[in-house]
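The values are calculated or read from the model by the stated rules, or taken from the named source; none is laboratory data. Quick caveat, the model's predicted, so the values are computed rather than measured. Positions of Cβ are generated from backbone atoms using ideal geometry, with glycine treated the same way; all protein chains shown enter the neighbour counts.
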Amino acid sequence: MQRAYYYCGRCRQSFLPYDDALGLVDEISPGLLPLVCLAGVLLPFADAAEDVLKRFAGVRVSPSTVLRRTEGEGERLRAQLKGGRMVQPTQGEPKWTGPREAGQPAAYVGLDAFSVPMQGPGAGRDEHRMLYTALLYTPQKEHTRYLVDFELDTLAEQVRAQATALGLAQVSDLIAVTDGGNGLEEALQRHLAENLTTILDWYHAAEHLGDFAKVWHARDEVARVRWHHQATGLLYERGGEALLTFLQATELPAGTSGEVREEFRRLIGYFENNRHRTDYPRYRQNGWDIGSGPTEAGCKIIGERLKGSGMRWVEEGAATVAALRALYVSGGKVWDGFWSQPYRPAA
């Protein structure tokens, strides 16, 4: 196809008027654009342009075009999500609101964060920033939604909007499983409900006991294993209240170093702050999840695109690519839903 090309000698700008009628952006058609962006969220931009798109689609585009279009569509997605307009899948997902056994949640909520290498002035290294990742997933893991943002409250608000869009209007339909990260539980309670049921990830709780055991019995492996087994067994079988009673009744031997005593004080404080979400016997009896494995896996899957060898990002670039990556791993029906909806440029 040939299109009329115009160039203004005064302002030195060029344009092809018919591109607007065809829906071309950077000379990329609406049909090709999702593929270009998909390549950009799966691989480094140079690999996406010079290998995947060229090899499998016979399309020649520059890495800068892949970068520009991936970030542009990611920004459009972020603007939509911040406006509370969740992406609708191309086909229904009945498991979100289908029948379930008594006492079982309609969905679990996960929330965690991972570090992203950032680029500073002059293309130098800068401090890493934490990118928050949230999940909504059905108990049998048939459906999952992933959301990301650098701002915790912005992300928690999107979780609320996503739950509403999925038909999960009652907070009793949800159970949150998170680690002990600062502010995670509070953010969910602010934006979902104060009475949201929350569970402390079992593996993080057990890890805290193991870390203290290593400090206390640094030179006695048998004693370390024995104490760790006793403490975790008590937590698993009788819950956080029983563990706290055990810890508070424990008297460290005379001559115990100040470092060990300080770590012991912190351990008790950790379980005191989380006592309301460590009733593991009841959670297991109800058949509830007690581990945040899906959330940690989500952080890993999304983080793979942002933490490649030598990669550094500016904040907006990382946020837009991560948003599209989160959309893609939410499933093909959701990915296709974004591209099939009416096109709205980012604000």
| query | If you check V148 against the conditions, is it at pLDDT 95 or above and either among the basic types (K, R) or over 28 Å from R282 (Cα atoms) (or both)? | reply | yes
| Within the stretch 133-151, which residues are assigned to a strand (DSSP E or B) and either surrounded by fewer than 18 Cβ atoms within 10 Å (Cβ to Cβ) or of a type in the set (G, A, S) (or both)? | A134
| request: Determine, yes or no, whether E296 is surrounded by 12 or more Cβ atoms within 10 Å (Cβ to Cβ), over 27 Å from P105 (Cα atoms), touching a residue at least 60 places away in the same chain (Cβ under 8 Å) and of a type in the set (D, E). | output: no
| field | Residues that are of a type outside the set (D, E, K, R) and within 12 Å of the chain's Cα centre (by Cα), drawn from the stretch 294-323 | value | P294, T295, A297, G298, C299, I301, I302, G303, A319, A322, A323
| note | Taking the stretch 118-132 and keeping residues without any contact (Cβ under 8 Å) to a residue 12 or more places away in the chain and either surrounded by 13 or more Cβ atoms within 10 Å (Cβ to Cβ) or within 17 Å of G181 (Cα to Cα) (or both) leaves none
| message | Take E272 and tell me if it is assigned by TED's automatic domain parsing to the domain that holds D126, surrounded by fewer than 14 Cβ atoms within 10 Å (Cβ to Cβ) and not in a loop (DSSP other than H, G, I, E, B). | response | no
| Would you call E304 surrounded by fewer than 14 Cβ atoms within 10 Å (Cβ to Cβ), at pLDDT 95 or above and not assigned by TED's automatic domain parsing to the domain that holds L131? | no
| request: Taking E127 as the residue in question, decide whether it is out of contact with any Asp or Glu (no Cβ under 8 Å at 6 or more places or on another chain), outside the structural domain of L188 (by TED's automatic domain parsing) and closer than 23 Å to G308 by Cα. | output: no
| Does any residue in the stretch 85-99 that is free of Cβ contacts under 8 Å to residues at least 60 places away in the same chain come within less than 8 Å, Cβ to Cβ, of a residue that is surrounded by 14 or more Cβ atoms within 10 Å (Cβ to Cβ) six or more places away or on a different chain, and which pairs are these? | K95/T138; K95/H143
| query | Would the stretch 45-59 turn up any residue that is of a type in the set (F, W, Y) and crowded, with 19+ Cβ neighbours inside 10 Å? | reply | yes
| field | Answer residue from the stretch 1-49, given it is acidic (D, E) and part of a helix (DSSP H, G or I) and is nearest to the chain's Cα centre (by Cα) among those | value | D47
| task | For Q80, work out the one condition from (1) touching a helix residue (DSSP H, G or I) at 6+ places or on another chain (Cβ under 8 Å); (2) touching a residue at least 24 places away in the same chain (Cβ under 8 Å) it doesn't fulfil. | result | (1)
| said: Name the single residue that is farthest from K82 (Cα to Cα) among those in the stretch 135-163 being among the aliphatic types (A, V, I, L, M) and touching a residue at least 60 places away in the same chain (Cβ under 8 Å). | reply: L135
| task | Kindly indicate whether E50 is charged (D, E, K, R), under 18 Å from W339 (Cβ atoms) and not assigned by TED's automatic domain parsing to the domain that holds R312. | result | no
| field | Enumeration of residues in the stretch 311-336 that are within 17 Å of P44 (Cα to Cα) and of a type in the set (D, E, K, R) | value | R312, E315, E316, R325
